[in-house]
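The values are calculated or read from the model by the stated rules, or taken from the named source; none is laboratory data. Computed from a predicted model, the values in this text were never measured in an experiment. As a convention, Cβ positions derive from the backbone with ideal geometry for all residues, glycine included, and neighbour counts pool all protein chains shown. SASA here: full protein model, heavy atoms, side chains in, ligands and nucleic acids out. Shrake-Rupley method; radii C 1.70, N 1.55, O 1.52, S 1.80 Å.
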Amino acid sequence: MLLTLLAVSFIVFAAFEIIPGDAAVSRLGSNATKETVEALRVQMGLDKPFIVRYLNWLSGFVKGDFGTSISYNLPVSSMILEKLPITVTLTILSMIMTIGISIPLSLLIAKYAGSKFDRISYGTNQFVMAVPSFFLGIMMSWFFGMVLKLFRPGGYISYKKDFGGFLGYLILPAIAIAIPKCAMSIKLLRSAILTEAGKDYVRTAYSRGLSTMEVLYRHVLKNAMIPLITFWGMAVADMIAGSIVIEQVFNIPGLGRILLTSIANRDYPVVEAVIILIAFVVLIMNLVVDILYRVVDPRLRKD
Amino acid sequence: MLLSVEDFGIEFHDHDKPERVVEGVSFTLDKGEILGIVGESGSGKSMTALAIAGLLPRKKLKKEGRILFEGEDVLTMERHKLRTLQGDEICMIFQEPMTALNPTMKIGTQVEEALRIHHTQMNDAARKERAIKWLENVELDDPERVYESYPHQLSGGMRQRVMIAAAMVGGPQLLIADEATTALDVTVQAQIIKLLQKINKESAVAILFISHDLSLIRQISHNVLVMQNGHLVEKGAVDDIFDHPKQEYTKKLISAIPKVEL
Ligand SMILES: Nc1ncnc2c1ncn2[C@@H]1O[C@H](COP(=O)(O)OP(=O)(O)O)[C@@H](O)[C@H]1O
Ligand SMILES: [Mg+2]
């Protein structure tokens, strides 16, 4: 796990070496004189060789000092701590929608498997799955914002000022993120439910006098969700990484936004920290997935 | 009379042409009776059993005749009415104890399930008490621990005992055991047969015991039905069938029993 993070941080650092552009130039503007730029480079330590800078940065990072943002001159840790709740809330909202909608819908679709309803939802699902979140986001912000005027695009409300308003603003972007994930979940869950429904224990459950819905909810669902755990875990990681795009569409100043601006400004301490954070989330999600497997499936628990 | 099957038949319509798998089957079963159904694989035993338990697929299948349980036809009964019988009056255990239990649900919850559905006035403690009592009745050691276990922690024989406990917990009139000992090894098989006989005596539950194994059928049944290709070829008291078989098919089956087992 640590090795993975180390590798990620090195690759990000190396990428900054390769891409053109200079943090000092971007801070001073392109009409700054050569001398001022050079002076700033020395001050920022940019004149030192690549490996020395990497090791400097790394030793600070390990000690918990994430460095100072080059373009904002603020500590990276406080910048990230301020943005993190936004992206995390957005991800949680999207996940709640994905799981909360896909479970009852898949059960319903599975119950009527083979019917016209099943075929229609299959077609809709295939279509929805292929629509990217950012496109949905643009369409939704146009439709709800410009046509219905239910929502003010760009009218982001800070969670510090008005948490309710903040949540309200995040609902549309969360829907945009959740819809394709939901479609995929339904597809996977429907087939998992149908696989489980053919198993012997389901017949046993029917023999006790349960209704179809009871059999599905009480017996089939938990077993059918086992193969979905990995998908949902990856979805969380994917949502955090995907915030780069959706935050841009809805003008939300979260992690994704800060990552984009920092890349543009060659603000490598911020970029490093955000990317390592995303990598960390991916790794943590792997762990969470493993734990959830054990919680849901008693066969995987060690006695 | 508990159960009366009259001219029962099944025709599948799930392939190109209709397939008759059971035809003209009639028999009766009294309260407390153990009726064995024997016949080679594919003779329609399971289909008959599933029909009585109300577990036949509802689509692509034509059912004929009547299956009267306490005078009411389970074949034409409305589903919600049928569900009040299932698990409460009519219970069933199956061939594969390894897969017949839900792998992610505690044994206790599964044993109690029929009570939760049919005896809604019982509280959690009373349900648990009854479940533990039945885990004891089926001669499982340490019923408290079994109650808290998951299926994978138990052996095949133990799981089949659990299935019997879960079936009996609601106090049914009829227990259908379809090849319930087939997947078990011989010693466990004998134990389960003994257990079913004990339960039959103590609870006066009628048992429909289905097996392709004649020696087991002979050991446990009061009366026997012999099935072949979806037809009932012979029925009678166990001793008559085994000592004086009338039909060629029955004679052939009996002569095929390995002598050591008799
Ligand atoms: N879905 C189906 N479509 C057509 N035939 C079937 C279907 N299911 C079972 N059968 C046939 O029904 C017959 C009776 O099966 P079954 O009752 O399981 O036999 P047994 O339990 O005596 O071994 C078998 O010949 C089997 O091939
Ligand atoms: Mg069978």
**Request:** Would you confirm whether any residue within the range B:193-200 is within 16 Å of ligand 2 (Cβ to nearest atom) and modelled with pLDDT of 95 or more?
**Result:** no
**Asked** Which condition number does B:Met47 fail, the rest of (1) modelled with pLDDT under 95; (2) within 8 Å of ligand 1 (Cβ to nearest atom) being met?
**Response** (1)
**Item:** Count - residues of the range B:166-220 that are of a type outside the set (S, T, N, Q), at negative phi, within 16 Å of ligand 1 (Cβ to nearest atom) and touching a strand residue (DSSP E or B) at 6+ places or on another chain (Cβ under 9 Å)
**Value:** 12
**Request:** Could you name every one of the strands (runs of 3 or more DSSP E) located completely within the range B:19-132 that has at least 1 residues being more than 9 Å from chain A (Cβ to nearest Cβ) and more than 16 Å from ligand 2 (Cβ to nearest atom)?
**Result:** B:19-29, B:34-38, B:61-69
**Asked** aromatic (Phe, Trp, Tyr), within 14 Å of A:Met95 (Cβ to Cβ) and assigned to a helix (DSSP H, G or I) - does that describe any residue in the range A:225-233?
**Response** yes
**Asked** Would a scan of the range A:137-151 turn up a residue that is assigned to a loop (DSSP other than H, G, I, E, B), open to solvent by less than 60 Å² (accessible area, probe 1.4 Å) and not charged (D, E, K, R)?
**Response** yes
**Prompt:** Taking the range A:66-80 as the region of interest, how many residues are out of contact with any strand residue (DSSP E or B) (no Cβ under 9 Å at 6 or more places or on another chain), open to solvent by 20 Å² or more (accessible area, probe 1.4 Å) and not in a loop (DSSP other than H, G, I, E, B)?
**Reply:** 2
**Request:** Take the range B:73-82 and flag every residue that is more than 15 Å from B:Thr28 (Cβ to Cβ) and free of Cβ contacts under 8 Å to residues at least 24 places away in the same chain.
**Result:** B:Thr76, B:Met77, B:Glu78, B:Arg79, B:His80, B:Lys81
**Request:** Go through (1) touching a strand residue (DSSP E or B) at 6+ places or on another chain (Cβ under 6 Å); (2) open to solvent by 20 Å² or more (accessible area, probe 1.4 Å); (3) within 9 Å of ligand 1 (Cβ to nearest atom) and name the single condition B:Ile37 misses.
**Result:** (2)
**Asked** Looking only at residues in the range A:189-212 that are among the charged types (D, E, K, R) and within 13 Å of another protein chain (Cβ to nearest Cβ), which one is surrounded by the most Cβ atoms within 10 Å (Cβ to Cβ)?
**Response** A:Arg208
**Test: B:Leu175 is under 14 Å from the mean Cα position of the chain (by Cα), within 16 Å of ligand 2 (Cβ to nearest atom), closer than 14 Å to B:Ile93 by Cα and within 14 Å of another protein chain (Cβ to nearest Cβ)** = no
**Message:** Any residue at all in the range B:227-235 that's part of a strand (DSSP E or B), open to solvent by 30 Å² or more (accessible area, probe 1.4 Å), aliphatic (A, V, I, L, M) and within 16 Å of ligand 2 (Cβ to nearest atom)?
**Reply:** yes
**Prompt:** Out of the residues in the range A:217-245 that are within 30 Å of B:Val169 (Cα to Cα) and open to solvent by less than 10 Å² (accessible area, probe 1.4 Å), which is nearest to the chain's Cα centre (by Cα)?
**Reply:** A:Ala224
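Here is a yes/no grid of residues against (1) free of Cβ contacts under 8 Å to residues at least 24 places away in the same chain; (2) surrounded by fewer than 20 Cβ atoms within 10 Å (Cβ to Cβ); (3) closer than 27 Å to B:Leu115 by Cβ:
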| position | (1), (2), (3) |
| --- | --- |
| B:Phe12 | no, yes, no |
| B:His15 | yes, yes, no |
| B:Val21 | no, yes, no |
| B:Leu29 | no, no, yes |
| B:Gly32 | no, yes, yes |
| B:Ala53 | no, no, yes |
| B:Lys60 | no, yes, no |
